[in-house]
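Only one structure is covered here, and it is reproduced in the block below.
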Amino acid sequence: MELIAPRIALRAMLWMKVGEENLGGHGRMTLLLRIAECGSIARAAKAMKMSYKAAWDAVDAMNNLAGEPLVERFTGGKGGGGAKLTGRGERLVNNFRIVEREHQRFVEALGRQANGLADDYLLLGRMDMKSSARNQFHGTVSAIRSGVVNDEIELRIVGGQEIVAVITRDSTQRLGLAVGGEVFALVKSSSVIVASDIQGSRFSARNCLTGAISRLAPGAVNTEVVIDLPEGGSVAAIITKESAQNLDLAVGKTVSAIFKASSVILGVSA
């Protein structure tokens with residue numbers, strides 16, 4: 001049975017500010033509208049299921065921040081007095097409703113891209129992650145083989161290639177790893193072995209990623225080798241300068257990056 005991911009929806013609230021103070025949002029503008037309709041702060045408060053004091057406190061705050069009255073009280077008359085909006089108060093409510101409608105249209109338009117935005121947000125979060133490990137891979141757990149002490153975790157990375165990690169069973173549970181879950185893998189460049197012409201060869205190391213050298217950065221002792229992987233992604237290795245010369249490494253040459261499953265550190269987003 002195929003699982004359908006729930007649709008992501010965006011919601012936003014609009015507030016007006018005077019300096020660092022909140023003048024009002026949808027709730028306060030609705031209170032002003034109710035005052036206009038009811039002709040009384042008490043009846044408006046009751047209609048909004050808020051206390052009379054809270055309503056008056058909100059009106060006082062808005063009057064003070066606006067610099068002129070938005071609501072004025074009057075006494076006498078058949079009903080014994082009440083409250084009404086001033087001309088400034090009416091204009092404020094009307095203008096807020098216009099801005100709120102435009103704001104809602106903007107949020108709805110943004111919401112139609114919400115799934116892509118959510119993916120990009122997660123991607124930016126991963127890009128912002130700081131680690132001393134040179135190699136950072138994002139993938140999906142494809143298999144978990146549990147042992148008494150350690151678990152073997154397989155994850156599929158960009159391009160369909162797989163990485164195997166061996167971590168403690170306690171770490172598997174603590175990270176909440178499960179097949180289909182997202183995870184990132186960290187591998188120090190010093191843990192990566194570079195090999196060429198490995199057809200027919202077998203290694204005890206579980207991980208072997210093959211690609212073309214895109215960059216060589218030789219130093220006095222060591223050389224950094226960056227290998228581009230098929231369909232995106234790369235892996236970096238730090239090897240001795242002598243090894244780079246013995247392997248006759250050059251940009252464009254096809255090589256393999258080999259590293260142990262025990263050298264892979266797994267993590268999940270907090």
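The values are calculated or read from the model by the stated rules, or taken from the named source; none is laboratory data. All figures in this text were calculated on a predicted structure; none of them were measured in a lab. For neighbour counting, all protein chains shown are included, and Cβ atoms are generated from backbone atoms with ideal geometry for every residue, glycine included. Side chains included, ligands, DNA and RNA excluded: accessible areas come from the protein's heavy atoms. Shrake-Rupley method; radii C 1.70, N 1.55, O 1.52, S 1.80 Å.
Select from segment 67-110 the residues that are at pLDDT below 80 and of a type in the set (A, V, I, L, M, F, W, C) and write down the one among them that is surrounded by the most Cβ atoms within 10 Å (Cβ to Cβ). Per the stated criteria, the residue is VAL107. State all residues of segment 142-167 that are out of contact with any helix residue (DSSP H, G or I) (no Cβ under 9 Å at 6 or more places or on another chain) and closer than 27 Å to ILE238 by Cα; if no residue qualifies, say none. Result: GLU154, LEU155, ARG156, ILE157, VAL158, GLY159, GLY160, GLN161, GLU162.
Condition check ((1) acidic (Asp, Glu); (2) more than 20 Å from VAL255 (Cα to Cα); (3) touching a Gly at 6+ places or on another chain (Cβ under 8 Å); (4) open to solvent by less than 20 Å² (accessible area, probe 1.4 Å)) across all residues:
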position	(1), (2), (3), (4)
GLY160	no, no, no, no
VAL164	no, no, no, yes
GLY176	no, yes, no, no
GLU182	yes, yes, yes, no
LYS188	no, no, no, no
ILE193	no, no, no, no
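Checking ASN115 against (1) in contact with a helix residue (DSSP H, G or I) (Cβ under 8 Å, 6 or more places away or on another chain); (2) polar (S, T, N, Q); (3) at pLDDT below 75, which single condition isn't satisfied? Answer for ASN115: the failing condition is (1). The condition of being of a type in the set (Ser, Thr, Tyr) and under 30 Å from GLY176 (Cβ atoms) does not hold for SER243.
Can you find a residue that is open to solvent by 40 Å² or more (accessible area, probe 1.4 Å), in contact with a helix residue (DSSP H, G or I) (Cβ under 8 Å, 6 or more places away or on another chain), modelled with pLDDT of 90 or more and closer than 23 Å to VAL251 by Cβ anywhere in segment 201-212? No, the conditions are met nowhere in segment 201-212.
Mind counting the residues in segment 215-244 that are open to solvent by 30 Å² or more (accessible area, probe 1.4 Å) and in contact with a Pro (Cβ under 9 Å, 6 or more places away or on another chain)? So the answer is 2. Of all residue pairs spaced 6 or more apart or on separate chains, those with beta-carbon atoms under 6 Å, a first member in segment 58-71 that is without any contact (Cβ under 8 Å) to a residue 24 or more places away in the chain and closer than 13 Å to GLU90 by Cα and a second member that is open to solvent by less than 40 Å² (accessible area, probe 1.4 Å) and assigned to a helix (DSSP H, G or I) are PRO69/ASN63. Looking at segment 120-146, which of the residues that are at pLDDT 90 or above and surrounded by fewer than 18 Cβ atoms within 10 Å (Cβ to Cβ) is nearest to the chain's Cα centre (by Cα)? Filtering segment 120-146 for residues that are at pLDDT 90 or above and surrounded by fewer than 18 Cβ atoms within 10 Å (Cβ to Cβ), the one nearest to the chain's Cα centre (by Cα) comes out as THR140.
Among the numbered conditions (1) in contact with a Phe, Trp or Tyr (Cβ under 7 Å, 6 or more places away or on another chain); (2) closer than 10 Å to ALA257 by Cα, the only one that ALA195 does not meet is (1).
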